[in-house]
Amino acid sequence: MRKALFTLSTAAIISAGFASKSEAAIINYQVRSGDTLYSISKKYNTTIDSIKNLNHLSTNTIYVSQVLKIDDGKSSTQSLSTSSSSTSSGTATYTVKSGDTLSQIARAYGTTVQNLKSWNGLSSDTIYPGQVLKVKASAAASSSSGAQSSGTTNSNSSSGSKTYTVVKGDTLTKIASKYGTSVSAIKSANHLSSDTIYVGQKLIIPSGAANSSSIEQTGSNVNTAVVAEAKKYIGVPYVFGGSSPSVGFDCSGFVYYVFNKVGKSIPRTSAEGYYSRSYYVSNPQPGDLVFFDNTYKQGVSHMGIYIGNNQFIHAGGDQVQISSLSNSYYQSHFDSFKRFY
């Protein structure tokens with residue numbers, strides 16, 4: 001997890017009384033010694049991206065006495081929820097105000113950033129005041145999206161292949177793991193040129209795919225030596241890009257070092273890279289991977305090693321440490337448990 005850089009100086013104080021709140025609940029906050037964008041975003045129940053967008057920041061660097069505009073999140077949901085309109089087709093729309101972010105709008109309307117981008121044809125998270133966004137799919141689209149806890153599978157033909165309907169949260173890796181096949185086999189069967197799939201899409205699952213329980217069992221002999229190895233480095237400083245105890249670790253560098261030390265040869269990549277090299281497990285064992293999303297950036301952005309008892313070890317904050325998955329921050333950003341292929 002990337003730590004924001006900051007310049008230490010004499011302690012500053014929060015501006016007296018702050019500024020008056022606008023309709024978007026914007027306040028002014030004066031940066032103090034020790035502050036980071038992460039700590040400020042947690043204090044005011046907002047996101048790093050929201051703070052950066054409001055203040056036109058291109059990096060995570062902030063400095064003491066700098067005055068930042070903050071959406072404190074206390075009244076934004078209410079203002080958002082009363083600003084939408086519906087069409088006869090059942091599609092609700094929302095007009096973007098200054099300070100809005102896709103994450104904020106998604107929370108207010110009980111949907112996801114991915115859905116908003118899909119419904120509005122957005123290729124990035126950038127939005128602008130006055131823009132009209134669809135915040136609810138039409139009734140027809142909703143009924144065909146297969147909004148279930150898992151996708152539906154139907155027999156496809158006498159060849160034994162199946163048809164699977166994609167649901168929210170699915171990836172080709174997840175579907176391939178569930179049915180005991182490979183991403184390349186699914187892409188070939190469906191003539192896909194990329195890994196991109198969408199809710200409601202029907203995919204042909206190649207014949208001979210096993211059920212999810214058999215896939216789960218094949219990875220049950222996880223090498224628990226990774227836990228013992230990982231614990232040796234508790235207290236090693238967090239260093240962005242670091243991948244050794246002599247230099248320090250970031251989250252993916254820590255996983256890289258530990259697994260290679262116990263004989264699992266993996267390349268050095270990012271949390272997102274390891275996410276694509278692993279498959280989902282519903283009953284995690286010590287030594288499995290745990291992933292988090294939307295921490296310092298959108299998408300999968302942090303990871304650690306599960307050690308049992310609802311705890312995981314990771315390079316986060318200032319150092320390698322053990323944290324609880326019951327922690328409210330990690331609960332809100334939890335993505336999945338996975339296991340290396």
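With 23 Å as the limit, write out which pairs from Lys97/Lys134; Lys97/Lys136; Lys232/Lys297; Lys136/Lys162; Lys168/Lys202 have Cα-Cα distances beyond it, or answer none.
Values: Lys97/Lys134 14 Å; Lys97/Lys136 18 Å; Lys232/Lys297 29 Å; Lys136/Lys162 30 Å; Lys168/Lys202 13 Å.
Pairs exceeding the cut-off: Lys232/Lys297; Lys136/Lys162.
Net charge near Tyr164: determine it from the other residues with C-beta under 13 Å of the C-beta of Tyr164, scoring Lys and Arg +1 and Asp and Glu -1. If you can, show how the numbers build up before the last one.
Values: positive: Lys162, Lys174, Lys178, Lys202; negative: Asp170.
The answer is +3.
Just the Kirkwood number for region 219-340, please: inverse of mean 1/r across all distinct Cα pairs, in Å, one decimal.
13.9
Expressed as cubic angstrom per residue, what is the convex hull volume of the alpha carbon set of region 290-341?
Here the figure is 80 Å³ per residue.
What does the highest-first list of 276-287, 259-270, 123-134 look like by mean Cβ count within 10 Å?
Ranked by mean Cβ neighbours within 10 Å, highest first: 276-287, 259-270, 123-134.
If you bin every alpha carbon distance in region 161-206 into 5 Å steps from zero, what whole percent lands in each bin?
Histogramming region 161-206 at 5 Å steps yields 5, 25, 41, 26, 3 percent.
Per the Debye formula with a single identical scatterer at each Cα and no solvent contribution, what log10 I(q)/I(0) holds for region 26-71 at q = 0.23, 0.27 Å⁻¹?
Calculated log10 I(q)/I(0) at the listed q: -0.72, -1.05.
Calculate the dipole size of region 161-206 relative to its Cα centre from +1 charges on Lys and Arg beta carbons and -1 charges on Asp and Glu beta carbons; express the result in debye to the nearest 20.
Magnitude of the dipole: close to 120 debye.
How big is region 93-134 on each of its three principal axes, counting only the C-alpha atoms and giving the largest first in Å?
Extents along the principal axes, in whole Å: 21, 20, 16.
Give me the one-decimal nm value for the distance between modelled label points at Asn283 and Ser324, 7 Å along each residue's Cα-to-Cβ direction.
Using points 7 Å along Cα→Cβ, the separation is 2.5 nm.
Each value in this text was obtained by applying a stated rule to the coordinates, not by laboratory testing. Quantities reported herein were computed from a predicted structural model and do not represent experimental measurements. Glycine also receives a Cβ, built like all others from the backbone with ideal geometry; neighbour counts cover every protein chain displayed.
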